[in-house]
1. Return only the number of the condition from (1) among the polar types (S, T, N, Q); (2) closer than 25 Å to C:S90 by Cα; (3) surrounded by fewer than 20 Cβ atoms within 10 Å (Cβ to Cβ) that D:S231 does not satisfy.
2. Go through the residues of the range D:57-67 one by one and say whether even a single one is within 11 Å of chain E (Cβ to nearest Cβ) and within 22 Å of D:A124 (Cβ to Cβ).
3. For the range A:135-152, name all the residues that are of a type in the set (D, E) and farther than 23 Å from F:Y226 by Cβ.
4. What pairs can you find where one residue is in the range D:68-90 and basic (K, R), the other is crowded, with 24+ Cβ neighbours inside 10 Å and at pLDDT 95 or above, and their Cβ atoms are less than 6 Å apart, with a gap of 6+ or different chains?
5. Do the conditions hold for C:A108, that is, is it buried (at least 24 other Cβ atoms within 10 Å of the Cβ), of a type in the set (G, A, S) and in the same structural domain as C:K222 (by TED's automatic domain parsing)?
6. Sort out which residues of the range A:53-76 are in a loop (DSSP other than H, G, I, E, B) and within 15 Å of A:K222 (Cβ to Cβ), and write them in order of number.
7. Residues that are in contact (Cβ under 8 Å) with a residue 60 or more places away in the chain, farther than 23 Å from C:S90 by Cβ and surrounded by 18 or more Cβ atoms within 10 Å (Cβ to Cβ): does the range D:122-132 have at least one?
8. Which condition number in (1) within 12 Å of chain F (Cβ to nearest Cβ); (2) closer than 21 Å to F:D225 by Cβ is the one that E:P92 fails?
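The values are calculated or read from the model by the stated rules, or taken from the named source; none is laboratory data. Predicted model only: the values in this text are computed from it and were never measured. Here the Cβ positions follow ideal geometry from the backbone for every residue, glycine too, while neighbour counts run over all protein chains shown.
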Protein chains: 6
Amino acid sequence: MKILVINPNTSDSMTDGIARAARAVAAPGTNIVAVHPSFGPESIEGHYEEAWASAGVAEQANLAKSWVPSATVIACFGDPGLEAAREVLSGPVIGIAEAAFQAASILASGFSVVTTMKRTCIIAERLVQRYGYEHQCRGVHGTDIPVLSLEDCSKETLEQIEEASRIALVKDRSGAIVLGCAGMAPLCKVLSERLAVPVIDGVSVAVKWGEALASLNMNTSKLGDYAVPQSKRYSGFAEKIAI
Amino acid sequence: MKILVINPNTSDSMTDGIARAARAVAAPGTNIVAVHPSFGPESIEGHYEEAWASAGVAEQANLAKSWVPSATVIACFGDPGLEAAREVLSGPVIGIAEAAFQAASILASGFSVVTTMKRTCIIAERLVQRYGYEHQCRGVHGTDIPVLSLEDCSKETLEQIEEASRIALVKDRSGAIVLGCAGMAPLCKVLSERLAVPVIDGVSVAVKWGEALASLNMNTSKLGDYAVPQSKRYSGFAEKIAI
Amino acid sequence: MKILVINPNTSDSMTDGIARAARAVAAPGTNIVAVHPSFGPESIEGHYEEAWASAGVAEQANLAKSWVPSATVIACFGDPGLEAAREVLSGPVIGIAEAAFQAASILASGFSVVTTMKRTCIIAERLVQRYGYEHQCRGVHGTDIPVLSLEDCSKETLEQIEEASRIALVKDRSGAIVLGCAGMAPLCKVLSERLAVPVIDGVSVAVKWGEALASLNMNTSKLGDYAVPQSKRYSGFAEKIAI
Amino acid sequence: MKILVINPNTSDSMTDGIARAARAVAAPGTNIVAVHPSFGPESIEGHYEEAWASAGVAEQANLAKSWVPSATVIACFGDPGLEAAREVLSGPVIGIAEAAFQAASILASGFSVVTTMKRTCIIAERLVQRYGYEHQCRGVHGTDIPVLSLEDCSKETLEQIEEASRIALVKDRSGAIVLGCAGMAPLCKVLSERLAVPVIDGVSVAVKWGEALASLNMNTSKLGDYAVPQSKRYSGFAEKIAI
Amino acid sequence: MKILVINPNTSDSMTDGIARAARAVAAPGTNIVAVHPSFGPESIEGHYEEAWASAGVAEQANLAKSWVPSATVIACFGDPGLEAAREVLSGPVIGIAEAAFQAASILASGFSVVTTMKRTCIIAERLVQRYGYEHQCRGVHGTDIPVLSLEDCSKETLEQIEEASRIALVKDRSGAIVLGCAGMAPLCKVLSERLAVPVIDGVSVAVKWGEALASLNMNTSKLGDYAVPQSKRYSGFAEKIAI
Amino acid sequence: MKILVINPNTSDSMTDGIARAARAVAAPGTNIVAVHPSFGPESIEGHYEEAWASAGVAEQANLAKSWVPSATVIACFGDPGLEAAREVLSGPVIGIAEAAFQAASILASGFSVVTTMKRTCIIAERLVQRYGYEHQCRGVHGTDIPVLSLEDCSKETLEQIEEASRIALVKDRSGAIVLGCAGMAPLCKVLSERLAVPVIDGVSVAVKWGEALASLNMNTSKLGDYAVPQSKRYSGFAEKIAI
């Protein structure tokens, strides 16, 4: 089983970190292939960057068609390009926000999201609406921690996330914390121990969900809007990855 | 890994069938323990029967506390007693409707539910609302096939479900079918081949979800409403399974 | 006119208290028949207990079929077993949460619920969603007062509820208080005087609603999901109350 | 007990008919006082007419302040001026659409509205949204029968309403019919017999709800937006009914 | 191009102020015709007053039919009588709340409403729901400033509104302020400068929207519920403005 | 006044057509600058193509920063890259779907969308949800007409759109048609005449909305998530348009 993990930003080190997190939870026979787009910003902290990331995910999903991944994970909490990838790939494609919300809804009747920059809260809130978790997600909390500062996470940053989580649990009357950034994956274990509630890292859940669906031979529906895109003329930079 | 599968009705043969479906998809090291309540109706096709099934699931979950299941699956599409089980158990507890909706939302942007008696449609519709899938679930379709007639499913019954599915896909503009009854699990493969879209059996997905969460050591939150119930006086029949 | 009042828990004294509250508001010709299940927990403060209470209400509703109540009231704020009772009975069946929300919506454009244990808030919130009062209900407030401590309500407990109500009115910008527990019925009058806003006890409203619908000869629809359950095999303890 | 019934249109004969319907269901000691505005259209079949009716209800509610009605019923299915009346009166004020939706939700898990002119459907649909019955109300059906033609209802008109109801029950998978016009009150009994499902006339329910709330001494909250309007300058025609 | 601006209250000076605000933003060729009803309250701060204002707007819209306004603006934040005016007029009719919400949704992903009396908040909240801005409008804030005190706005009143806006921006995590009263139009510029975020006055936006739609020859649909009202008997004061 | 119109696909001829439609409605002093991305697909008919278009809009918005457009229009019905453009630009940025929904909501109480490929319906439906028009938009109808075939629209294609519109008006009980593709702009006038209801072309409305907001000096809020993106490293093709 080969699972494609697309990191939508272009940071090599963050891609490596996500790959490590994915491999740490993958089953023995699962091969993790971690990639990032050939272009775009080094972190995704707003709508402009997300627009580039969507195209970047589309690029990488299209390039992976040749080797037919068993399942694909989009490893950025805004789930950029998720549906573009579903069109070009045949296996299941899972966003880490989507997977995290699903797991959190099983483990607690209410959860809170703790994320990085406050300006990205709206992106998480839109996903909550779009996926239908408005009753289960009881709050989205920004910390104004930059995504890239998570790579070499200081004691202070960890404590800031812990503190934000504690406040969220009380204020939102929640029972679980969803980590709102793929870069937080390495913090999941320690936060879980300190907070004594489920702390959900979307990368881990998405990898396991991908293994689960692939083992059931369940693939993306090609009836309807996830059908393979029509072949048409692409121009400029996109020409080489036209359908 | 030991996964408890609770069939909320009291049919021995249906419990066996569900156990077979669960074992067919379980990973090599996973042990499936299938049980049913010691009391209640032989099938669940309405609110009255579901009330009994909720208590029956509570009973079985409470009895299983002693051996601490790695994960628990509630194998009736109304997810009866799901939250009662979450209170008494520490591992993740997964309803088959919940799991099916989650998987379907990954595989298609819209899905339809095809179920048994028309009078149970409202139960599925309420779950759709409660879990937040009102945009993804584009229709719930009753066939008036009795649950127990699925056990020895005739060619005609299968064709009736296939036909209802075809109509649903077109009318609802859906891309996937969710089977609205645990008793339909054995039909999943053949329907999937005939319809050429993902056909989702909640039992299979819930078992894999359970393995996934258990392997991640993710447990039910004990902060909030899934905390262990308080010890108190139970009377009559329920006395022997008091908390 | 004979109105059945089912107390879903098994406390004799609480059943008596609810019967007194019901009789205090019943019209001269109305006969109140108050019962509780033959099994189950002595108070309902969580999902596990509610599962038992649902079956307990089903049992009592089924037993009452023989004398055809003019109307039936389910006297626990989670409205457990409400729809089960609607299936087996022909007269109107009214939940006290449902009735309280309806009355509150007539008397104020926004109301707050003040209830007992915090862990039960989610049960009230789910009913708010399910019945459609998300715009009118502006907050659900737990006090962590145990249900059974209301039976012999101390001055301190009363003041705690009064204080929680005052805070709710201001914080939620509400105009009325809904008491979130049948056990609070005796406090309705004094709280109403102290707070100078409508304080709604669901037991009282449900009894009057029941009289109203019964006098109009309006009965539960038997077209659709409230039709009489099908006859089928019940096993174990439930055998004796099979349909 | 004196219940004010305000017919928001200016038809004397329709006011008489509504008064008869109200008296037919009122308890022995209840006095029905039926009035209509001193100005405005003879029937309400659109937004323009409803704007006049709102002011007309405000006028009549304000005039009735002097004798303090025990409860007040607004007898037009759009519930025009409902909240204006709540501001000036101290007793409960009940709209017939609101009351009908509440009763229907108790008697069936889904209901359909059958009303007069198709152009008024939007008014009923807005009330469904505003009151929170979007899940229970499964359809609103116009018949293009003019309101005033109901006063002397022909056999054909009755059959047209019956037919529209039968279609609605099947198409909407509903269990009850709500009559979408006060002028349909006299048809309630015969339709109920023919259709064999609950047929709900809002006038009847609202009168009984009014008796119920009045007997419980439950009044409109004066905390918040239903507080008595501030005294201020009114000009023109409205001067004589200024607050 | 002639744009009708209906001030729904009967204050001459406020009508003049609104006319000035409208003319200040109108294009060179646009003629502003500002009117108020011949009857009703001098300000709209509750449901009772709004009922009169609805009829007042209906009156003025009907009187304006003769000269066929290019577009019509309803200049009170509750948008009273909006749909009545749409029925009798052929050009576009725009409510200032509706226009303000639309503009705010373009300029910021979340906005807050700052309005006058707290008791009117519910009116704004209902419009937010009715128009569909529940995700964009992140809060409605009353200041208990009377509408008429805005006409000769003191330094203190302005500062109070500024302060309420600052609090709203932070508490609601909003990016723009919508002024919840036509009487606040003259404060828009100074507040915008002080707050350094978009401050939206519905009168200005509605006038420009009206010019825009009129220049595109886009008129109110006469198919459906905005069709011209049927001719019928009107009595009393309303007789002279019957359809 | 200079208005930037970004056609998110890369078709020169379609860009020209959109520019003509924009100029046809622009005020005398308005300068229309129409551009398309330097890369990407020639038409947008699915998620994959839309991902590229989002980045393409981001590119063009960023390039336009230098000349500070008075307002910007995103001329593809999926509003791709809308919020990315709002981050990098200071003037108002308007999506044609958003503008069309706003105008339609003023002109009719319900509207229907008629669009091109059926697989794009989900994109329009998501925008309806995201912008809050679920009550006003009563249906989204695909015709399976390819976008590019609109450029040289045959009599048959026009008739197909007309027919789909007629069916939508009846089936959805709508009063207006929203054209679900920028390529349909040239058909607006003839369809409007034939259908005798408002037919709304988002390009026209968005241009007028842009002129309106620009003339009011209303700009995108830079408080919150539309703040200018942070400067950071971009790699590959995107490097040259880094922030």
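1. (2)
2. Yes, because at least one residue in the range D:57-67 is within 11 Å of chain E (Cβ to nearest Cβ) and within 22 Å of D:A124 (Cβ to Cβ).
3. If the condition is that a residue be of a type in the set (D, E) and farther than 23 Å from F:Y226 by Cβ, then A:E151, A:D152 are the ones that fit.
4. Short answer, once both residue conditions are applied: D:R86/D:V93; D:R86/D:T220; D:R86/D:Y226.
5. no
6. Correct list: A:V68 only.
7. yes
8. (2)
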